[in-house]
Structures are given as C-alpha cells and as structure tokens.
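Here's the structure, in structure tokens; my notes come after.
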Amino acid sequence: MRLLILVLAIGSFCVSGQNLSGVINQYIEVTAVDVNRHAVDVVSSSGIAVDDSLLLFQMQGAEISTSQVDSSNGTVTNYNGTGSWELAEVCAVDGNTITFKKQFDQEFSDDGLLQLIPINYYSNAVITDTVKCQAWNGTTGGIVVIFNHGTLDFQSSIQVSKLGFRGGQHVESTFSCSFALNLEDYEYDSNTGRAAQKGEGIAFYGNLDGGRGPLGNGGGGGNDHNSGGGGGSNIAGGGIGGENDDPGVFTCKGYFPGLPGRSLASNNERLFMGGGAGAGHSNSTWVTHGGNGAGIVIIVSDAIEGNNENILAFGGNAPEAHGDGAGGGGAGGSVCLFTDNINSTLNIDVHGGNGGNMDASIASNTDRCFGPGGGGAGGLIRYSTATAPANVVSTLNGGLAGIVVNSTAGCNGSTINAGNGGAGVEEFNGEVPEGFKCNPYCDLVHDVDLGDNINTCDQDSAILDAGYEGAQYTYDWSTGETSQTIEVFGSGTYSIILDDGYCISCDTLFVDNLSKPELPSQLFFDICGGGSVILDAENPGASYDWSTGASSQTIQVNEGGLYVVNIWDGGCGIAAFFDVFECFDPPNTITPNGDGANDYWIIDQLNNSSNNSVEIFNRRGQSVFKADNYQGQFNGDGLPGGVYYYHLDLKNGRDPIVGTLTIVR
C-alpha cells in the first residue's frame, strides 16, 4: 500500500510519545472547489502552509429521488461526491485559496458540503484520555483522524458516538387532526404540525424539513397523527417508524410513519457518518426527537496496542415518548483501520441506536396505540487487511424498533409495524485515497509535455522525448518501452506516464504517418517539328511548385530540357523530374565515298551527350558496330552497301530508339 508507506515515512520525523486526548483535529470549512485547478477556497487558511497534508472530506450534497413511491423515495440518485475523501498535500496558499500538488483522484462537487482536516503526524502516540471529535454542526466536525508512525497505544477510548448527522428535532404540533384525514405526503413544513422533522443525512433539506420521506440516510419524520420516526442508516438501511393504530373509531390515526434511512453504497471507498433518525409526531411537550447518528474514525498506524479499549461509533437511542409518536434510532458511524498489526484486543462498536418506546402510562392515553420509533442501522468497519484482524471485537448490530408499553389496548408490547435497523457491515482491503497525477497548476511538480501532434511521411520515424532525465524518474510508454526517448514508426496514439516517486504526469500525442504524393505516370517527352507537350504533375488537390515558377497541376512547354516540380500533399512532398527531348530523327542513309559529304552517320540531337550507347546490326542480326558515348564516328568502313539496323540507347530511362540505316556505295 504505497500511500501508507509514504505517510508514515513523513511521520517518522515526528517527536515520539505524544499523549492524545480530547478534540485533536481542526476542521476548516470549504466554501468552493475548483475541480479543474485542483484547488479549494476556505473560510480561513490561517496556519496552512506549503507541504502540509490535509484530508479533504465531502459530507453532503447527494441527490435523492422525490418519487411518491415508498420503495424509492429518498434513495440516492447521484452521490455528487458525497462520501468522497482523500489525502492531499499543499502546493500553494494564495489568500484563502489552497492549491494541491496532485490532481483530485476522487469526485468532489462545488455545491456539496466539504471540510478540510489538517493532518498531524504522530509517532508512538498514546491515547491517555478519551479522544473525540467536534460534534457535527451542519458544516464541519464529525471525524477523528490519526496518522501515527510506530505503535498507537490505547490507554483510553475514541468516542464519536452520536456526534454525526443529527436526529430530527421535537416540534410540538398544534394542528387539529381528523380521523377522516390522511396526511400521506413525503414533505411538509414541520412547523405546520402536519409531520415531524426528518433526520439529517447526506442530502440537503429541501424547502420542507418535515414528512415521512428520508434524506438519503436520514430517517423520515412521522406524519400526523402521532406516528413514529424512521431510523437512520449507513451502508445498511434503517427501520421504518411505527404506526398510530388507535383502536377508537373516531380517533386520529397515523398510518404514514417516517420511512427508514436508505442503505448507501460505499464502493469500498466512500465514508459516511451515521444518518440521523426522524422525530416522532407529537402534539404535547414530551420530547420525541430522533437519535443522532455517529461520526467517523480514521486511523493510519504501523501497529495498534488495543489494551481492551474501545472505538465507539454507535448511533443514539431515541427517548421514550409519552402519548406521542416516538423518534427513530440514529445509525452507527464508520471506522477505518489502516494497519497490519493489532497486538491486543481492540473493541469497535458501531451498533445502531434503538427506536423510542411509546409509553401510554399517562392517564388520558392508557388505551392508546401511538407509533414507536424505528431502529437505526449498524455502521461500517473498514480494514486495510484482507480479513478482520484477530484481536478486533466488533459490534455491528442494528438498533431495535421501539414498542408500546403500559397500554391497556391490544397493541401493548407491539412495534405496530416499526422495523429494526439493519446490521452493520465490514469491508476489507481498504486504502486511503490519494491523487496520483501531478497537478499542472502546481509549479512545484513536473509536467511532462510531448509537444504537438506529429506528421510523418511514408514510414519516416519520429523521436518522442519525455523531457525529464534523472535516476528518480521512471518512464512508462504505451509501447511498453521504459526509456526517456523512443523512436516510433507509423500512425498511432502514443502516451507516456512519468513517475518521479511522488506523483505521475501524463501526456499523449498522435503521430499521423501520411502518404507521399505519387510520381507522375509519364516523365519523358519528345517535341517534334516545333510542337509542344503538356507536363502533368497529377495528384489532384495537391500544391505544386514548378521550376518555371508555375503553381498549376499542368504546364505546357515547347522546348526540350529538364523540368522539375515539387508536389506537396498534407505536409508530405516529392520532387518529379520531367525530361523533354527534341525529337530524335537520326539520318537513315550515309554515302561513305570520301567526298566529305555524308560520309559519317551524324546524330545532331545527341548534342555531344556522352550518356548513350549505339549498336548496328546487319540483316542477319550480327553486330557490325558498337560504341558507348557515340559521337558520330561510324562510316561503314569495311561493310558492303545495303540496309543495316541501329539500336540507340540514351540511358535516360526511355525505351531505346531503333531504325534502319542504308549504306550507299
């Protein structure tokens, strides 16, 4: 686990033997998140410096279903980063803006509720008296975080029970109920008295804070009249509140109790405080609030000495109601242990709180059946190991639903359909989330840049360079190569992951291997009798640069010579050479009689060219003359008059010129 090693290596510089007690963490409200620059704005950055380590934690901001269906109302439709957390190191502090060295690995939303917790690195710390967190206040708190090198010695407990999401508060209803009226909506203003207040959860309250619909893991409040509140939840779901099923025909009923907090999905990464429970509906002064959920504990340590001490993160019980609906139980919180060694017994308790009983003992209500509260769910324990450590004793049970007590009606001893909270869960192979990509907006880290995309031509190679050289760097190319520079051929997308041992930087570019233009199909031409020829560079759509200064695909010429055109298409180019010859029309007769006229076979078009060969044959195909670099020296010496055949090769790629030559004597 690379992160754990990194954190504890930093912690090795701490002074040994710190004593821990009370509230040991600081909590800083985040007011805005810039997910592009990997930075946050905070209420105050006082005391935060470059290289400090902070834990970024998003507590709320989930979206939930508001469908008018019991099975889906209040379920999470989008977490929006709620429950996301990660360790981050400070790159820069500019006013109240903090930029981090690495890109965020987790999802955070700008409209969520986030807090920063500065990390104190301890060494062989001792818990000498109860360590606790600041109670969640709607903005910050609810978490204990300990990073320790060596052994964390428990001589006392860690306590975050009932310090998480808050239960729905008691509101005394003055609303006059009616036996003929069913108040079944999921949201009400609790001040109207039509429904009790919902428990707090990972979704924000809407415009209305009351009603039986849950807020994600916050239990729903009981609706009029005197129905029970729903239990809070964590990964497991809470229990539904109990109904008010008064036996009288014309008494007010309450068949729409608070729905339970919905089970959440952690993906073995997210962490949640226990959900607060919904309050029971009340029309008297007796307290019927819901139980609070528990907070979160995160411990990273080489080893732990448990000493039979405790980590307590259980949900709160709801109080007993008297002649009203009772509140639900709060959910257990979340405990994360990132250690491989627990050397003696450590007790971890994340049980859910019990729903409140409904006591009918007051004289006017002894024959009543008002609704008890639903039980809160057990919490979460996450280990970094593959199985639960042998020395951990865990308590994960869900809270029990409340019951009716001291009633003379038949409901006495019944939950009236109130439900127990679900049992908590254990998860394994957990890791402390930490970004791994370098933040390009941090000047303290490298940022690999392969440059712009590259065009090559007809399998020409390209050299790609990661740009950083040193023993601290490792190179991971998409080709599988591990050197600083690589040579690539052909089209393709090539990427590099550069790792300096702290963070990685990535870049990708595309190499487009283009085809060069084709050579024109005809490069040799003859001009005869004062005519002209058309030279065609072909490759329609390309650009052209002729030696004549023309830029068209074709040109017309009326003189022999060498004509050159550069053809460019998509960044690739070739040069084409056109040879235009004056017509070769060698004489077909010589009269070697010594009069000085037409005694030799003279070919004027050779223009003293030395790049040719001539061979002459008799009628039987026998070679009678052969010469390279022919310059007009043949006169038929020793040959009888008659018809002969010549073969003239200009050695320019053209087909040889053949014809007849008559010797007249």
So which strands (runs of 3 or more DSSP E) stay within the range 48-95 end to end and still have 2 or more residues that are crowded, with 16+ Cβ neighbours inside 10 Å?
53-60, 85-94
Can you find even one residue in the range 104-121 that is under 18 Å from N19 (Cβ atoms) and open to solvent by 40 Å² or more (accessible area, probe 1.4 Å)?
yes
Restricting to the range 134-179, count the residues that are more than 28 Å from G373 (Cα to Cα), open to solvent by 40 Å² or more (accessible area, probe 1.4 Å) and assigned to a loop (DSSP other than H, G, I, E, B).
1
Filtering the range 392-420 down to residues that are open to solvent by less than 80 Å² (accessible area, probe 1.4 Å), in a loop (DSSP other than H, G, I, E, B) and over 23 Å from A331 (Cβ atoms) yields S407, A409, C411, N412, G413, S414
Residues located in the range 427-453, provided they are within 17 Å of the chain's Cα centre (by Cα), part of a loop (DSSP other than H, G, I, E, B) and crowded, with 19+ Cβ neighbours inside 10 Å:
V432, P433, G435, N439
Between residues in the range 157-183 that are closer than 16 Å to G254 by Cα and residues that are among the basic types (K, R), which pairs lie under 6 Å by C-beta distance while being six or more apart or on different chains?
F175/R194; L183/R194
Do we find a residue being outside any strand (DSSP E or B), open to solvent by 60 Å² or more (accessible area, probe 1.4 Å), under 30 Å from A575 (Cα atoms) and charged (D, E, K, R) anywhere in the range 465-484?
no
Being part of a strand (DSSP E or B) and either among the polar types (S, T, N, Q) or open to solvent by 90 Å² or more (accessible area, probe 1.4 Å) (or both) narrows K651, K626 down to just K626
If we scan the range 211-222, do we find a residue that is over 42 Å from the mean Cα position of the chain (by Cα), in contact (Cβ under 8 Å) with a residue 60 or more places away in the chain and buried (at least 24 other Cβ atoms within 10 Å of the Cβ)?
no
Test result for S515, more than 31 Å from the chain's Cα centre (by Cα), modelled with pLDDT under 90 and surrounded by fewer than 16 Cβ atoms within 10 Å (Cβ to Cβ)
yes
Could you tell me whether any residue of the range 299-320 is outside any strand (DSSP E or B), of a type in the set (F, W, Y) and under 14 Å from G221 (Cβ atoms)?
no
Residues located in the range 629-646, provided they are open to solvent by less than 70 Å² (accessible area, probe 1.4 Å) and not in a loop (DSSP other than H, G, I, E, B)
G642, V643, Y644, Y646
Residue match in the range 247-263 (condition: of a type in the set (D, E, K, R), part of a loop (DSSP other than H, G, I, E, B), closer than 30 Å to N365 by Cβ and modelled with pLDDT under 95):
yes
Being at positive phi, of a type outside the set (S, T, N, Q) and in contact (Cβ under 8 Å) with a residue 60 or more places away in the chain narrows it down to one of G653, G596, so name that one.
G653
Scanning the range 361-383 for residues that are small (G, A, S) and in contact with a Leu (Cβ under 7 Å, 6 or more places away or on another chain) gives G375, G378
Candidates S109, S123, S84, filtered to the one that is in contact (Cβ under 8 Å) with a residue 40 or more places away in the chain and either of a type in the set (F, W, Y) or in contact with a helix residue (DSSP H, G or I) (Cβ under 9 Å, 6 or more places away or on another chain) (or both)
S123
Counting only residues that are more than 21 Å from G435 (Cβ to Cβ) and among the β-branched types (V, I, T), the range 93-152 contains a total of 10
Name every residue in the range 543-573 that is touching a strand residue (DSSP E or B) at 6+ places or on another chain (Cβ under 7 Å), part of a strand (DSSP E or B), open to solvent by 30 Å² or more (accessible area, probe 1.4 Å) and within 18 Å of K516 (Cβ to Cβ), in order of residue number.
S543, D545, V564, N566, W568
(1) of a type in the set (S, T, N, Q); (2) modelled with pLDDT under 90; (3) not in a strand (DSSP E or B): which one isn't true of Q522, the others all being true?
(2)
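The values are calculated or read from the model by the stated rules, or taken from the named source; none is laboratory data. Worth saying up front: this structure is predicted, and the values here are computed from it rather than measured. Please note: Cβ atoms are built from the backbone with ideal geometry, for glycine as well, and neighbour counts cover all protein chains shown. Remember, those area values only see protein heavy atoms, side chains included, never the ligands or the DNA or RNA. Shrake-Rupley method; radii C 1.70, N 1.55, O 1.52, S 1.80 Å.
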